[in-house]
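Novice: Before we start, here is the structure in question, set down as structure tokens.
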Amino acid sequence: MAGKSRTYATSEITVIWKPDICIHSENCAHGLPKVFDPNRRPWVDLNEAEAGEIRQTIDNCPSGALSYGKAEAKPADTNAPEVEINVRQNGPLIVRGEFKLTDAQGKAIETSDTAALCRCGASNKKPFCDGAHKSMDFEG
Ligand code: SF4
Ligand code: FES
């Protein structure tokens with residue numbers, strides 16, 4: 001999925017947000033409301049918290065819509081599985097790791113190292129979740 005992205009940066013951290021794959025879970029806004037405020041423009045203000053706190057909050061972004069510079073990435077956990085798939089209650093499948101996503105014809109679909117895949121069938125961005133499961137009150 002070719003997508004647009006926005007970059008926010010300070011001397012401490014660079015943050016990238018990909019609106020096309022944001023599933024509006026608001027983990028970011030709940031985790032660090034001074035930094036991530038959907039009602040403000042720009043909605044990301046990196047001066048409002050320490051870079052470490054921002055990284056921790058971004059680690060909780062379920063879709064991979066938020067990411068930070070690779071130089072700041074966590075050290076690799078050699079015991080971690082290569083791919084982890086988490087079933088979100090009443091929501092998407094969150095896939096993390098090194099994986100390849102392909103369409104029905106076997107053609108590769110562009111992803112980062114995290115993807116939220118629609119489980120409810122209502123997304124307009126299939127195979128990705130777009131948050132529509134909330135408005136249809138999906139249970140599963
Ligand atoms: S998907 Fe990520 S960027 Fe989008 S609202 Fe949730 S935590 Fe924030
Ligand atoms: S699971 Fe989120 S839109 Fe379907």
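Novice: Does any residue in region 24-37 that is within 16 Å of ligand 2 (Cβ to nearest atom) come within less than 8 Å, Cβ to Cβ, of a residue that is hydroxyl-bearing (Ser, Thr, Tyr) six or more places away or on a different chain, and which pairs are these?
Specialist: SER25/SER63; ASN27/THR57
Novice: So how many residues does region 9-26 have that are buried (at least 18 other Cβ atoms within 10 Å of the Cβ) and more than 21 Å from LEU101 (Cβ to Cβ)?
Specialist: Number satisfying all stated conditions: 2.
Novice: Shifting gears a bit: Please give the number of the condition ASN124 fails out of (1) free of Cβ contacts under 8 Å to residues at least 60 places away in the same chain; (2) surrounded by 13 or more Cβ atoms within 10 Å (Cβ to Cβ); (3) part of a loop (DSSP other than H, G, I, E, B); (4) touching a helix residue (DSSP H, G or I) at 6+ places or on another chain (Cβ under 9 Å).
Specialist: (2)
Novice: I'd like the full set of residues that are part of a helix (DSSP H, G or I) and in contact with a helix residue (DSSP H, G or I) (Cβ under 7 Å, 6 or more places away or on another chain), limited to region 25-50.
Specialist: CYS28, GLY31, LEU46
Novice: Moving on to the next point. Given the structure, is ALA116 outside the structural domain of ILE23 (by TED's automatic domain parsing), of a type outside the set (Val, Ile, Thr), in contact with a Leu (Cβ under 9 Å, 6 or more places away or on another chain) and away from ligand 2 (no atom under 14 Å from the Cβ)?
Specialist: no
Novice: Which count do you get for residues in region 94-121 that are free of Cβ contacts under 8 Å to residues at least 12 places away in the same chain, surrounded by 10 or more Cβ atoms within 10 Å (Cβ to Cβ) and part of a strand (DSSP E or B)?
Specialist: The number of residues fulfilling the criteria is 1.
Novice: Across region 65-91, what is the number of residues that are part of a loop (DSSP other than H, G, I, E, B) and modelled with pLDDT under 90?
Specialist: Adding up the residues that qualify gives 11.
Novice: Residue by residue through region 127-140, note down the ones that are surrounded by fewer than 17 Cβ atoms within 10 Å (Cβ to Cβ) and modelled with pLDDT under 95.
Specialist: Listed by number, the residues that qualify are LYS134, SER135, MET136, ASP137, GLY140.
Novice: Identify, by number, the condition in (1) within 16 Å of ligand 2 (Cβ to nearest atom); (2) farther than 24 Å from GLY3 by Cα; (3) in contact with a helix residue (DSSP H, G or I) (Cβ under 7 Å, 6 or more places away or on another chain) that SER63 doesn't meet.
Specialist: Here SER63 meets the rest and fails (2).
Novice: Let me ask another. Restricting region 7-30 to residues that are within 11 Å of ligand 1 (Cβ to nearest atom) and over 16 Å from ILE94 (Cβ atoms), which is farthest from the chain's Cα centre (by Cα)?
Specialist: That would be HIS30.
The values are calculated or read from the model by the stated rules, or taken from the named source; none is laboratory data. Since the structure is predicted, the reported quantities are computational estimates derived from the model, not experimental observations. Note: ideal-geometry Cβ built from the backbone for every residue, glycine included; neighbour counts use all protein chains shown.
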